[in-house]
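Q: Sharing a structure with you now.
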Amino acid sequence: MKPVLDGTVALVTGASSGIGSATATALAAQGAAVALAARRADRLEALAGDIKDQGGTALVLECDVTDEQQATGAVERTVAELGRLDTLINNAGVMLLGPVAGAPLPEWQQMVQLNVLGLLYCAHAALPHLLRAAQDGPRQVADMVNISSVAGRAARNGSGVYALTKFGVGAFSESLRQEVTRRYVRVCLVEPGATATELASHNRPEVLESIRNQFGQRMEAADIADAITYIVTRPRHVAINEMLIRPTEQER
Ligand SMILES: NC(=O)c1ccc[n+]([C@@H]2O[C@H](COP(=O)([O-])OP(=O)(O)OC[C@H]3O[C@@H](n4cnc5c(N)ncnc54)[C@H](OP(=O)(O)O)[C@@H]3O)[C@@H](O)[C@H]2O)c1
């Protein structure tokens, strides 16, 4: 039997680590050719090598998606070199926590530029291709999966601007879903809880110290990749709109 995503092309942003890397691997295993976007090209090359060793197809796209031209260029190169675009995994993100009072403004700017604008640039550039794929693609359906967070559902003390960006991702995703779902572009919002990745490591030492005990049990990136794979492999008439996934022991 042919793998479900055979003949399709997926672009994964933030593919150089964590959830993005695991998702690219999982989608390639389902037969998708995968375009891998992030800034660390060496990581992407290693991942592409692994995928090719497994018989898959991978394209390395070294880019900073906070730069509109680079984000658009990543989408255009995917289509030019892999022939089409059926699936966008809008995953690249950063989580810089801590009190609002006295927060370094560059941290807020980075989160808004990546979690909001980077995601929007990729969505904007990808949408015409996803609409085309839904019309004439091998599966007659296309997917945009936007990665939010539990923090996109509930704001907590110390995660104000991160939550702001993820609430925004939720609002945008639902509006876009209503706009394109009858044209068979499915838009899904994924809201992970604590997952063992590099995400928290970018925080200042004093913030890291204060959140040290905040996260107990963690999921693996592969657990979220598994959920994303489920979403994008549903039959054409089934759209998973939203998925909230926590480690079993995570209460809030
Ligand atoms: N881990 C969790 O507990 C958790 C929970 C809820 C939601 N999430 C969400 O899951 C998504 C993935 O995060 P993760 O946990 O897998 O963290 P991660 O391991 O830190 O991965 C983040 C990815 O984003 C990429 N990235 C950062 N800045 C970029 C830029 N300017 N342009 C392109 N790519 C960029 C990074 O690659 P480069 O540095 O190479 O560019 C990396 O591949 C994020 O949206 C995050 O908010 C994670």
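The values are calculated or read from the model by the stated rules, or taken from the named source; none is laboratory data. Quantities reported herein were computed from a predicted structural model and do not represent experimental measurements. Every residue, glycine among them, receives a Cβ derived from its backbone with ideal geometry; neighbour counts consider all protein chains shown. For the accessible areas, the whole protein counts, side chains as well, though only heavy atoms, and no ligand, DNA or RNA atoms are used. Shrake-Rupley method; radii C 1.70, N 1.55, O 1.52, S 1.80 Å.
Q: Of the residues in segment 208-220, how many are within 15 Å of the ligand (Cβ to nearest atom), surrounded by 12 or more Cβ atoms within 10 Å (Cβ to Cβ), within 15 Å of G98 (Cα to Cα) and not aromatic (F, W, Y)?
A: Matching residues across segment 208-220 total 3.
Q: Within the group S201, S210, S173, which residue is assigned to a helix (DSSP H, G or I) and in contact with a strand residue (DSSP E or B) (Cβ under 6 Å, 6 or more places away or on another chain)?
A: S173
Q: Failed condition for A151, given (1) more than 14 Å from the ligand (Cβ to nearest atom); (2) among the hydrophobic types (A, V, I, L, M, F, W, C); (3) within 17 Å of the chain's Cα centre (by Cα); (4) not in a loop (DSSP other than H, G, I, E, B), with all others met?
A: (1)
Q: Can you tell which of D53, D42 is out of contact with any helix residue (DSSP H, G or I) (no Cβ under 7 Å at 6 or more places or on another chain) and more than 15 Å from the ligand (Cβ to nearest atom)?
A: Within the list D53, D42, the selection yields D53.
Q: Have a look at A37, A33, A28 and point out the one that is more than 13 Å from the ligand (Cβ to nearest atom) and touching a Ser or Thr at 6+ places or on another chain (Cβ under 6 Å).
A: Going through A37, A33, A28 in turn, the sole match is A33.
Q: Let me ask something else about it. Name the single residue, out of those in segment 185-207 being charged (D, E, K, R), farther than 26 Å from I240 by Cα and away from the ligand (no atom under 14 Å from the Cβ), that is surrounded by the most Cβ atoms within 10 Å (Cβ to Cβ). Show your work before the answer.
A: Step one: of segment 185-207, the residues charged (D, E, K, R) are 186, 191, 198, 204, 206.
Going one step further and asking which of them are farther than 26 Å from I240 by Cα, we end up with 198, 204, 206.
If we keep only those that are away from the ligand (no atom under 14 Å from the Cβ) too, we end up with 204, 206.
On the way: R204: 14, E206: 9.
Top of the filtered list is R204.
Q: In addition: So V207 ticks every box in (1) in contact with a Leu (Cβ under 6 Å, 6 or more places away or on another chain); (2) touching a residue at least 60 places away in the same chain (Cβ under 8 Å); (3) within 20 Å of G14 (Cα to Cα); (4) not charged (D, E, K, R) but one. Which box is left unticked?
A: (3)
Q: Name the pairs: first residue in segment 52-80 and without any contact (Cβ under 8 Å) to a residue 12 or more places away in the chain, second residue within 13 Å of the ligand (Cβ to nearest atom) and open to solvent by less than 80 Å² (accessible area, probe 1.4 Å), Cβ to Cβ under 6 Å, at least 6 apart or on different chains?
A: Q70/C63; Q70/D64
Q: Do you know which residues across segment 117-137 are surrounded by 14 or more Cβ atoms within 10 Å (Cβ to Cβ) and either more than 17 Å from the chain's Cα centre (by Cα) or over 30 Å from K2 (Cα atoms) (or both)?
A: L117, G118, L119, L120, Y121, H129, L131, R132, A133, A134, G137
Q: Could you list, in sequence order, the residues of segment 152-165 that are under 25 Å from E179 (Cβ atoms) and in contact with a Phe, Trp or Tyr (Cβ under 6 Å, 6 or more places away or on another chain)?
A: G152 - this is the single residue of segment 152-165 that is under 25 Å from E179 (Cβ atoms) and in contact with a Phe, Trp or Tyr (Cβ under 6 Å, 6 or more places away or on another chain).
Q: Within the bounds of segment 171-180, is there any residue that is farther than 18 Å from L88 by Cα, within 15 Å of the ligand (Cβ to nearest atom) and open to solvent by 40 Å² or more (accessible area, probe 1.4 Å)?
A: no
Q: Given the conditions (1) of a type outside the set (G, A, S); (2) part of a strand (DSSP E or B); (3) within 11 Å of the ligand (Cβ to nearest atom), which single one is not true for K166?
A: (2)
Q: Moving to a separate point now. Could we say that G73 is under 29 Å from V180 (Cβ atoms), within 16 Å of the ligand (Cβ to nearest atom) and modelled with pLDDT of 95 or more here?
A: The answer is yes for G73.
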